[in-house]
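A short write-up of the structure that comes next.
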Amino acid sequence: MRENKNIDRLFQEKLKDFEVSPPIKSWNFIEKNLVVKPPKRSMPLWIRITGIAAMLLAFISLGNNYIAPKNLSSIQEFIFKHKDTIENIVKNEENPTKKVITDHENTLFNVDVKVTPLNPHFHLSEINLDTFSEILTETPQTNKPTFFLKDAHSIPLGTETSKPEIPKEKRWSIAYTIAPIYFSSFGSGDSPVDAQFENNSTSGKSNFSHGIKIAFKLNNKFSVQSGVNVVDIGYTTNNIHLTPGVAIISLSDISNKPIESLKTTKMSLGKEFNTSQNNITNTTGSIDQVFGYIEIPLEIKYQITDGKLGLNIVGGFSTLFLNKNELVIEADGFRTSIGEASNLKEINFSGNIGVDVDYLIHKNLYINISPMLKVQTNTFSKSTGDYQPYYLGIYTGLNFKF
Amino acid sequence: MSLNKLIKQCALSDKKAQATVYELFGSKLFALCLKYSTNKQEAQDNFQDGFITIFNKIGQFNFKGSFEGWMKRIMVNTVLQKYRKKNVLNIVTENIPDEVIVDVDEDEVSLDMLLKLIQELPERYRLVFNLYVLDGHTHKEIASFLNIAEGTSKSNLSRARFILKEKVEAVLSDQISG
């Protein structure tokens with residue numbers, strides 16, 4: 001039946017919700033063109049960091065190996081110095097191939113690249129610059145310049161295929177090292193001795209480490225080194241108030257086993273003592289905590305510059321075995337042991353980083369100075385403050401290569 | 001499997017989930033493309049391109065509104081992008097009455113016929129008519145989609161209605177006389 005209808009309505013009613021199956025080949029097309037996302041693999045952070053570090057090292061070592069070999073630059077220097085003489089010689093020569101060399105040193109090298117070396121085993125390091133000088137000072141009319149040019153042509157620059165024979169290098173070295181050590185801690189500087197001294201200031205004491213270091217050269221750039229060190233470190237907890245008394249207060253982190261029991265004085269310890277309210281004399285002193293370790297480091301050394309004076313970066317870690325542990329009270333001229341700390345761990349570790357400068361004093365003998373920062377982890381099994389000890393040492397050693 | 005789970009699987013490029021979504025919504029979206037395009041071939045191209053975009057961007061769906069609505073928007077956008085690329089000339093604004101009435105017997109007009117009439121509309125008229133009449137957008141929205149003035153959208157709509165009325169009536173009179 002005909003009726004007057006709004007055109008919008010007509011279309012809406014018929015077309016609003018209609019459906020048409022798409023052509024079958026559409027799905028194939030869509031499927032083919034979908035970007036397949038690879039499943040996300042979360043890479044542990046340490047792998048990423050190590051990867052970046054390895055790449056950086058690779059770049060540095062490549063750069064050092066391929067930029068400006070020393071022998072080449074010395075020859076360039078030589079040629080630059082004697083430029084005029086070389087030009088004179090060449091000008092007097094009639095052989096056209098040698099005339100190419102007239103301009104300057106760069107041309108000389110360009111020509112050399114094209115010429116097949118007369119002697120394939122000839123190496124840059126074998127060029128005797130003195131001989132060159134001698135030849136150059138002689139009259140250019142003689143036959144000798146020709147000889148010089150022949151030899152110059154035989155410099156196997158760029159196209160060198162044969163490698164020079166390197167004398168067998170001594171890869172091992174052993175050293176006795178000695179180092180003053182400064183011990184301190186990161187963070188709040190709280191004392192780890194006992195909870196009641198949590199807010200007392202602490203200070204590091206200068207101490208000492210010595211030992212044997214053995215190193216093995218892996219390649220031109222990397223060495224691995226280890227050894228054994230005896231480390232004595234300690235720190236002082238300041239502003240301890242002590243009064244003579246009848247009983248020893250038990251400190252949670254100190255066992256009541258005085259090392260030198262005969263010397264033990266009975267006394268009480270406290271971080272604060274109000275003297276105005278009683279007449280008992282009290283003394284201000286400090287607690288020295290001394291501990292020692294046998295340290296076994298394992299470090300990698302990376303050479304930045306070589307030569308007589310070499311610069312290296314050292315990084316690694318150490319395992320530390322506790323071999324000394326004592327707490328001593330010091331006040332008004334007396335010192336007495338009060339026991340050993342029970343919160344020091346038998347084994348702990350340190351992360352080490354530093355630089356190493358070595359100086360060759362004889363063929364197989366060199367000295368090295370190496371400032372190192374060693375940050376300790378799990379030094380204390382429990383401690384009151386956020387105590388992260390570290391020590392700085394300037395390791396000086398006498399090294400012997402073998 | 002719930003729709004939300006299906007969408008998440010699609011975001012992980014799960015082929016099976018993608019095929020299921022296509023099965024569920026393919027017909028609706030293809031019909032949408034037919035209305036917005038000039039012919040079946042163009043509709044198919046738009047449909048395929050739009051669906052590829054849907055699967056590539058499915059990870060961005062935030063599960064807040066209707067998924068079907070989200071897909072439709074992508075499809076319409078695909079068409080509109082092509083329209084913008086073509087840079088169709090603006091048509092001069094004309095004043096034509098709002099309501100257009102057609103004298104018709106509904107049984108005489110088929111869906112195919114109406115679809116064909118829409119497809120035959122000039123590009124901009126077709127888009128405005130679809131957006132306003134069939135998909136419920138306002139002139140303000142249409143103006144921003146097509147980068148035209150609101151007045152232009154209104155006049156385009158009126159022109160579209162007028163053309164459609166004439167064509168419907170012409171077809172019907174052909175049918176009667178034929």
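The values are calculated or read from the model by the stated rules, or taken from the named source; none is laboratory data. The structure displayed is predicted, hence computed values, not measured ones. When we count neighbours, we look across all protein chains shown, and the Cβ atoms used for this are built from the backbone with ideal geometry, even at glycine. With ligands, DNA and RNA removed, areas are computed over all heavy atoms of the protein, side chains included. Shrake-Rupley method; radii C 1.70, N 1.55, O 1.52, S 1.80 Å.
Brief remarks on what is shown
- For segment B:106-177, the equivalent ellipsoid derived from the alpha-carbon gyration tensor has semi-axes of 26, 11, 9 Å in decreasing order.
- Probe 1.4 Å, all protein chains present, accessible-area order of B:113, B:1, B:75, A:55, largest first: B:1, A:55, B:113, B:75
- Our compactness index for segment B:3-86, the C-alpha radius of gyration over the empirical 2.2 N^0.38 Å, is 1.07.
- Long pairs among A:14/B:85; B:35/B:72; B:57/B:85; B:64/B:85; B:85/B:167; A:16/B:72, criterion Cα-Cα beyond 19 Å: A:14/B:85; B:57/B:85; B:64/B:85; B:85/B:167
- Dipole-positive endmost among B:132, B:175, B:27 within chain B (Cβ charges, Cα centre): B:27
- Estimated from helices alone, the mean residue ellipticity of chain B at 222 nm is -22500 deg cm²/dmol (sum of -39500 (n - 2.57) over DSSP H runs with n ≥ 4, per residue).
- Heavy atoms of residue B:171: accessible area, 1.4 Å probe, square angstrom to 10: 40
- Mean sequence separation of contacting Cα pairs (under 8 Å, at least six apart), scaled by the length of segment B:24-80, corresponds to a relative contact order of 44 percent.
- Computed from the C-beta positions of residue A:388 and residue A:57, the FRET efficiency with R₀ = 22 Å rounds to 0.20.
- Seen against the Cα atoms of chain B and their longest principal axis, helix B:67-86 is set at about 60 degrees.
- Cα-based equivalent ellipsoid of chain B: semi-axis lengths in Å, sorted from largest, via gyration tensor: 33, 20, 14
- Contact surface A-B: accessible area buried, both sides summed, square angstrom, 1.4 angstrom probe: 3900
- Each residue was assigned an accessible area with a 1.4 Å probe, and for residue A:224 the value is about 40 Å².
- Virtual spin-label span in nm between residue A:12 and residue A:334, 7 Å along Cα→Cβ: 10.4
- Positive-end residue, segment B:3-86 charge dipole about Cα centroid, Cβ charges, pick of B:10, B:38, B:63: B:63
- Evaluated with a Cβ-only charge set (Lys, Arg +1; Asp, Glu -1), segment B:3-86 carries a dipole of roughly 240 debye about its Cα centre, given to the nearest 20.
- Size of charge dipole - chain B - debye, nearest 20, with Cβ of Lys, Arg +1 and Asp, Glu -1, no other charges: 1280
- Residue A:378-residue A:201 FRET efficiency (beta carbon distance; Förster radius 30 Å; 0.05 resolution): 0.80
- Distance between modelled label sites at residue A:50 and residue A:365, nm, 7 Å Cα→Cβ extension: 4.1
- Relative intensity, log₁₀ I(q)/I(0), of segment A:282-355 from a Debye sum that treats every alpha carbon as a point, q = 0.24 Å⁻¹: -1.02
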